1. Taking the chain as a Gaussian network, where each spring joins two C-alpha atoms under 10 Å apart, which residue of GLY30, GLY41, GLY87 fluctuates the most?
2. For the chain, what is the accessible area per residue in Å² when the probe is 1.4 Å?
3. So what does ILE173 come to for accessible area, using a 1.4 Å probe and Å² rounded to 10?
4. Determine the gain in length on full extension of the stretch ARG85-ASP168; use 0.36 nm per residue of separation and subtract their C-alpha separation, reporting nm with one decimal.
5. Within the set LYS68/LYS151; LYS126/LYS147; LYS123/LYS147, which residue pairs have Cα atoms separated by over 28 Å?
6. Using a 1.4 Å probe on the protein heavy atoms, what percent of the accessible area of the chain belongs to carbon and sulfur?
7. Near the amide H of GLY157, under 5 Å away, which other amide H atoms are found, from residues 5 or more places off or on another chain, if H is placed in the peptide plane?
8. Could you tally the net charge around VAL53, taking each other residue with its Cβ under 13 Å from the Cβ of VAL53, Lys/Arg +1 and Asp/Glu -1?
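The values are calculated or read from the model by the stated rules, or taken from the named source; none is laboratory data. Just so it is clear, the model here is predicted, and its values are computed rather than measured. No Cβ is skipped: glycine too gets one built from the backbone with ideal geometry, and neighbour counts run over all protein chains shown. Please note that ligands, DNA and RNA were not included when accessible areas were found on the heavy atoms of the full protein model with its side chains. Shrake-Rupley method; radii C 1.70, N 1.55, O 1.52, S 1.80 Å.
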Amino acid sequence: DSLKERLSRTHPIGYSLSGVVEELGEGVEGLAPGDAVVCSGAEYAHHAELVSVPRQMAVPVPAGVDQKSASFAPVAAIAMQAVRRSGAGLGETVAVIGLGLVGLLTCQLLRRAGCIVIGFDPKPAKVQASLGSGAVESVQDEAAALKAVEKATGGLGADAVVICAASDSDDPINLAA
């Protein structure tokens, strides 16, 4: 298939879901029909009424956790992996670029890990939301972002930068540098 042809086809959307097991394939262990599960995987966990997901991409939802809360697990796992990969530790300054859902979860995790979090997003509402999600300062323009990091670190720069932005440009990468 040519790339142009592949891009012209429709594709299911989504990469995470929570739901209830309706039936199991042969040899599947650890789950039963009626079990609440959370699933991830761009090739399988689509936003649909009925999906078929490999067992290794489905995790039982613990008793007492509702489906809405469980649905955040795959997205939170992305944020958690970003925090782990950043290597940031207690007392370090971390800039988070992009304050959508993953960015806000990243801010929360970093703050709870004892980091000083500075957020950046061009949208004022997202900047405001990050202040309630652990950022000690959050700004919406690049010049202010550089000044905020310089002020927080005494001119040394951030210990880590986590990019959670979706963009067609390389501006987030340039800002991180």
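1. Of GLY30, GLY41, GLY87, the most mobile in the Gaussian network model is GLY30.
2. Each residue of the chain exposes 62 Å² on average to a 1.4 Å probe.
3. 110 Å²
4. 27.6 nm
5. LYS68/LYS151
6. After summing per-atom areas, the C and S share lands at 55 percent.
7. none
8. Values: positive: ARG55; negative: GLU22, GLU23, ASP35, GLU43.
With Lys, Arg at +1 and Asp, Glu at -1, the net is -3.
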